[in-house]
Amino acid sequence: MPHQRCRCYFSLQDSVATTVMVNDKEVNVRTITVEDRTGKVKVSLWRNIAAEPVVLGDVVAITNIVVNSKRYNNEESLSSTQFTKIERIAI
């Protein structure tokens, strides 16, 4: 499926930060697992958005993310874009 934009509300369940090489440059990426009543999905947060101060258990709204066209381990996943925003939601 080509890139699609969506707005999602999730509870943050897991978070792993790392640095990867992209075009011979180190780039920060944080992979979070988020969950709502329909299931769980991994979201890769790239570059500056990887440093967003969200912690496990936070309820967040994520805007301007895209569905990855390739599956890893036969699972769908999402990625941030340069326009992605994460907002903590008070419940």
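Rule-based calculations on the coordinates, nothing more; no lab input. As the structure is a prediction and not an experimental result, all values here were calculated from the model. Because the Cβ atoms are built from the backbone with ideal geometry, glycine has one as well, and the counts that use them run over all protein chains shown.
Annotations
- Under Karplus coefficients 6.51, -1.76 and 1.60, residue-wise ³J(HN,Hα) of the stretch 79-87 in Hz, glycine/proline x: 9, 6, 10, 5, 9, 4, 10, 10, 10
- Interchain or long-range residues, amide H under 5 Å from residue 77's placed H: 68
- For the stretch 33-43, putting each phi into the Karplus relation 6.51 cos²θ - 1.76 cosθ + 1.60 with θ = phi - 60° gives couplings of 10, 10, 9, 10, 5, 9, x, 10, 8, 8, 10 Hz, in residue order, rounded to whole numbers and with x for Gly and Pro.
- Loop-resident GluC sites (Glu not before Pro) (DSSP state other than H, G, I, E or B) in the stretch 45-91 with no more than 16 further Cβ atoms inside 10 Å of their Cβ: 76.
- Applying the criteria of a DSSP loop state and at most 12 other Cβ atoms within 10 Å to the trypsin sites (Lys or Arg not before Pro) of the stretch 26-83 yields 37, 70, 71.
- Those lysines that a straight Cα-Cα span of less than 20 Å connects to residue 85, excepting residues fewer than 8 apart in one chain: 40, 42
- Maximal additional length on extending the residue 26-residue 76 stretch stands at 15.5 nm, based on 0.36 nm per residue less the C-alpha distance.
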